[in-house]
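The values are calculated or read from the model by the stated rules, or taken from the named source; none is laboratory data. Note that the structure is a prediction, hence the values are computed from the model and not measured. All Cβ positions, glycine included, derive from the backbone under ideal geometry; neighbour counts span all protein chains shown. SASA here: full protein model, heavy atoms, side chains in, ligands and nucleic acids out. Shrake-Rupley method; radii C 1.70, N 1.55, O 1.52, S 1.80 Å.
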Amino acid sequence: MKVHHLNCGSMRPAGGKLLDGEPGLLRRAELVAHCLLIETGDGLVLVDTGFGSQAVARPGEWLGRPFMAMVGARVEAAETAVAQIRALDLDPADVRHIVMTHLDVDHAGGLADFPNAVVHVRSEEHRAATSPANAAEKNRYRAAQFAHRPLWSTYDETGEPWFGFEAVRSLKGLPEEILLIPLTGHTRGHTGVAVDTGHGWLLHAGDAYFFHGQLDPVAPDCPPGLTAFQTIVQTLRGPRLENLARLHELARSHQDEVTVFSAHSPVELAALRR
């Protein structure tokens, strides 16, 4: 399988050094929406979708003005998954499956661009996004992003082992090399997506962490602003911190076998593109 690393949504929040650790407080930091495009023998697979083309046409309605203001969203047509697939001389109609880490607005915004794709997601995440049980869930997700009635394929944990984590294997219609790795915390149904490339594993950890330094094997760190942000947007603190510690150990102990990366680090995205 061939894997492409895409940025499907740039964000420039105020805070500078407090968010990205680089010098300067008065500038804007940089965040990305790191998605994967996987070429398989039976079509294309996306992991997350970014902002989507509807965000270009109607950004406030699609992403929500509070979200856009908070993260400094920069909506560009060239960064949509559809545009980047075409730029690779591939056909967006060949995207037959989308595997979601979770359904927050910056991850699910492009679902409507692929209405015929099967969308793979954990059952609890699907429930929270489509049948919110409280105001927090209702405010977190954008109902407009699911109005086209995606072709959902939902999963509960099965407990099969993967480097010490539970894994959901045999996703319907997908190669055995693509797995769900439950990483509850940021949302109730949050998951990582593991891909066996044939040259080692990739683990897209979604929003289980935000800053590349959090998985440093010797001295893990995170700028204070980004630490606070992760706390503000978390659903379950205990499981989030537990999974973060497990990811750190995975990255430390299996760095020759597994490459772990998050959804929003421009440093990790640049490294993997190289």
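Within segment 113-218, considering only strands (runs of 3 or more DSSP E) that don't extend past its boundaries, which have at least 1 residues that are in contact with a Ser or Thr (Cβ under 7 Å, 6 or more places away or on another chain) and open to solvent by less than 40 Å² (accessible area, probe 1.4 Å)?
The qualifying strands (runs of 3 or more DSSP E) are 118-122, 151-155, 178-182, 191-196, 201-204.
Taking the criterion of being under 21 Å from GLY192 (Cβ atoms), under 17 Å from the mean Cα position of the chain (by Cα) and among the hydrophobic types (A, V, I, L, M, F, W, C), would at least one residue in segment 70-87 satisfy it?
yes
Which of the residues belonging to segment 68-126 are farther than 23 Å from SER170 by Cβ and among the acidic types (Asp, Glu)?
GLU76, GLU79, ASP89, ASP91, ASP104, ASP106, ASP113
I need the full set of residues from segment 127-174 which are among the small types (Gly, Ala, Ser) and under 28 Å from SER253 (Cα atoms), in order please.
GLY159, GLY164, ALA167, SER170
Please list, ordered by first then second residue, the pairs with beta carbon atoms under 6 Å, 6 or more apart or interchain, first in segment 101-122 and touching a residue at least 60 places away in the same chain (Cβ under 8 Å) and farther than 13 Å from SER153 by Cα, second among the polar types (S, T, N, Q) and assigned to a strand (DSSP E or B).
If the second residue must be among the polar types (S, T, N, Q) and assigned to a strand (DSSP E or B), the pairs left are THR101/THR191.
Among the listed residues LEU18, LEU26, identify the single one that is assigned to a loop (DSSP other than H, G, I, E, B), open to solvent by 30 Å² or more (accessible area, probe 1.4 Å) and closer than 27 Å to ASP221 by Cβ.
LEU26
Determine the pairs where a residue that is modelled with pLDDT of 95 or more, located within segment 138-149, has a partner that is open to solvent by 80 Å² or more (accessible area, probe 1.4 Å) with Cβ atoms under 8 Å apart, the partner being 6 or more residues away or on another chain.
ALA144/GLU61
Being outside any loop (DSSP other than H, G, I, E, B), modelled with pLDDT of 95 or more and in contact with a helix residue (DSSP H, G or I) (Cβ under 8 Å, 6 or more places away or on another chain) narrows it down to one residue among THR259, THR227; which is it?
The conditions single out THR259.
Taking the condition open to solvent by less than 10 Å² (accessible area, probe 1.4 Å) and either part of a strand (DSSP E or B) or over 27 Å from THR259 (Cβ atoms) (or both), does VAL3 pass?
In short, no.
It is to be established whether one or more residues within segment 31-39 are outside any strand (DSSP E or B), surrounded by 19 or more Cβ atoms within 10 Å (Cβ to Cβ) and either in contact with a Ser or Thr (Cβ under 7 Å, 6 or more places away or on another chain) or touching a residue at least 60 places away in the same chain (Cβ under 8 Å) (or both).
yes
Does LEU25 fit the bill of being in contact with a Leu (Cβ under 9 Å, 6 or more places away or on another chain) and at pLDDT 95 or above?
Judged against the criteria, LEU25 is not a match.
Specify the residue that is most open to solvent (accessible area, probe 1.4 Å); the eligible residues are those in segment 253-273 that are free of Cβ contacts under 8 Å to residues at least 40 places away in the same chain and either touching a Ser or Thr at 6+ places or on another chain (Cβ under 6 Å) or over 24 Å from GLU22 (Cα atoms) (or both).
GLN255
Residues of segment 47-95 being assigned to a loop (DSSP other than H, G, I, E, B), surrounded by 17 or more Cβ atoms within 10 Å (Cβ to Cβ) and on the phi < 0 side of the Ramachandran plot, which ones?
THR49, PHE51, SER53, VAL75, THR80
Enumerate the pairs (first residue in segment 187-207 and hydrophobic (A, V, I, L, M, F, W, C); second residue anywhere and outside any strand (DSSP E or B)) with beta-carbon separation below 7 Å, excluding pairs fewer than 6 apart on the same chain, so at least 6 apart or on different chains.
Pairs that qualify, where the first residue is hydrophobic (A, V, I, L, M, F, W, C) and the partner is outside any strand (DSSP E or B), are VAL193/THR101; VAL195/GLU177; TRP201/GLU257; ALA205/LEU183; ALA205/LEU247; ALA205/SER262.
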